[in-house]
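The values are calculated or read from the model by the stated rules, or taken from the named source; none is laboratory data. Since the structure is predicted, the reported quantities are computational estimates derived from the model, not experimental observations. Every residue, glycine as well, gets a Cβ built from its backbone with ideal geometry; the counts of neighbours run over all protein chains shown.
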Amino acid sequence: DTAVSQTPKYLVTQMGNDKSIKCEQNLGHDTMYWYKQDSKKFLKIMFSYNNKELIINETVPNRFSPKSPDKAHLNLHINSLELGDSAVYFCASSSQVTSMNTEAFFGQGTRLTVV
Amino acid sequence: AQTVTQSQPEMSVQEAETVTLSCTYDTSENNYYLFWYKQPPSRQMILVIRQEAYKQQNATENRFSVNFQKAAKSFSLKISDSQLGDTAMYFCAFMKGSGNTGKLIFGQGTTLQVKP
């Protein structure tokens with residue numbers, strides 16, 4: 001069983017388009033994240049949701065809009081795609097309920113290529 | 001603000017030998033967690049090992065162990081009996097313990113090549 005799954009794995013699209021990446025976790029975690037890995041492999045957090053509530057919103061263009069319909073899902077919608085948005089986007093989840101917070105479990109990543 | 005630094009962009013090791021990957025971090029927090037994640041060519045991020053800052057004992061997971069030096073803010077990963085499957089990019093990561101949002105701060109990564 002896949003713990004954190006995101007779709008699609010690969011996405012090639014033209015500049016100016018709008019696209020979405022979906023993420024689902026079946027671990028019962030209360031917190032979900034989106035991370036971006038750039039061309040130099042550097043990983044940086046973009047957003048975090050805890051029980052459907054936005055708790056982290058790093059300096060990300062407002063063309064990026066996360067949506068959490070329930071605590072098992074966190075989707076990422078990107079409007080007006082630009083060349084610089086090309087990257088690998090990782091969804092992750094963890095449990096922040098107890099003092100013994102769990103580590104983050106990651107999805108397989110979505111490689112977004114904007115042409 | 002917390003920072004994580006991995007000063008070795010690339011390393012290589014012969015199969016069956018031991019290699020140590022370096023990581024230093026900067027924080028004013030006293031309660032935090034440190035992690036090593038592995039990213040093989042498949043791109044999947046896999047947790048290798050975790051260390052709680054309040055624990056003095058170094059974490060170990062089979063062939064993987066850490067040398068956690070809290071005063072020096074150093075958290076190195078030792079891989080013993082290296083295997084070809086250990087070839088991957090390794091990321092050191094920091095997470096605050098108090099007021100925790102679960103946010104991970106990553107280092108730049110170290111690419112490890114295990115040679116037959």
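Across segment A:44-56, which residue is nearest to the chain's Cα centre (by Cα) among those that are over 20 Å from B:T3 (Cα atoms) and surrounded by 17 or more Cβ atoms within 10 Å (Cβ to Cβ)?
A:Y49
Between a first residue in segment B:78-93 that is touching a residue at least 60 places away in the same chain (Cβ under 8 Å) and a second residue that is in a helix (DSSP H, G or I), which pairs have beta carbons less than 6 Å apart while being 6 or more apart in sequence or on different chains?
Matching pairs, first to second residue: B:I79/B:D86.
Given (1) within 14 Å of another protein chain (Cβ to nearest Cβ); (2) surrounded by 18 or more Cβ atoms within 10 Å (Cβ to Cβ); (3) touching a Gly at 6+ places or on another chain (Cβ under 7 Å), where does A:K41 come up short, assuming only one miss?
Here A:K41 clears every test but (2).
Return the residues of segment B:1-55 that are closer than 15 Å to A:L43 by Cα and either buried (at least 17 other Cβ atoms within 10 Å of the Cβ) or basic (K, R) (or both); say none if nothing qualifies.
Those that are closer than 15 Å to A:L43 by Cα and either buried (at least 17 other Cβ atoms within 10 Å of the Cβ) or basic (K, R) (or both): B:V4, B:Q6, B:F35, B:W36, B:Y37, B:K38, B:Q39, B:R43, B:M45.
Within segment A:62-99, count every residue that is in a loop (DSSP other than H, G, I, E, B) and either closer than 30 Å to B:Y54 by Cβ or within 12 Å of the chain's Cα centre (by Cα) (or both).
Count: 6.
On the given criteria, is A:G28 modelled with pLDDT of 95 or more and more than 13 Å from every other protein chain (Cβ to nearest Cβ)?
Answer is no for this residue.
When you go through A:T113, A:T59, A:T102 one by one, which is the residue that is over 14 Å from the mean Cα position of the chain (by Cα), more than 12 Å from chain B (Cβ to nearest Cβ) and farther than 17 Å from A:Q6 by Cβ?
A:T59
Hey, can you tell me all the residues within segment A:73-95 that are buried (at least 17 other Cβ atoms within 10 Å of the Cβ) and in contact with a Phe, Trp or Tyr (Cβ under 8 Å, 6 or more places away or on another chain)?
A:L74, A:L76, A:I78, A:Y89, A:F90, A:C91, A:A92, A:S93, A:S94, listed by residue number.
If A:D70 meets every condition in (1) modelled with pLDDT under 95; (2) surrounded by fewer than 17 Cβ atoms within 10 Å (Cβ to Cβ); (3) in contact with a Ser or Thr (Cβ under 8 Å, 6 or more places away or on another chain) apart from one, which number is that one?
With (1) modelled with pLDDT under 95; (2) surrounded by fewer than 17 Cβ atoms within 10 Å (Cβ to Cβ); (3) in contact with a Ser or Thr (Cβ under 8 Å, 6 or more places away or on another chain) applied to A:D70, the lone miss is (3).
How many residues does segment B:67-114 hold that are away from chain A (no Cβ under 14 Å) and in a strand (DSSP E or B)?
Matching residues across segment B:67-114 total 11.
Note down all Cβ pairs under 7 Å where the first residue falls in segment B:45-60 and is within 9 Å of chain A (Cβ to nearest Cβ), the second is of a type in the set (D, E, K, R), and they're at least six residues apart or on different chains.
B:I46/B:K38; B:L47/A:E103; B:R50/A:E103
Exactly one condition in (1) in a strand (DSSP E or B); (2) surrounded by fewer than 16 Cβ atoms within 10 Å (Cβ to Cβ) is false for A:C23; which is it?
With respect to (1) in a strand (DSSP E or B); (2) surrounded by fewer than 16 Cβ atoms within 10 Å (Cβ to Cβ), A:C23 is out only on (2).
Listed residues B:T111, B:T87; which is among the hydroxyl-bearing types (S, T, Y), within 15 Å of B:Q6 (Cα to Cα) and touching a strand residue (DSSP E or B) at 6+ places or on another chain (Cβ under 7 Å)?
B:T111
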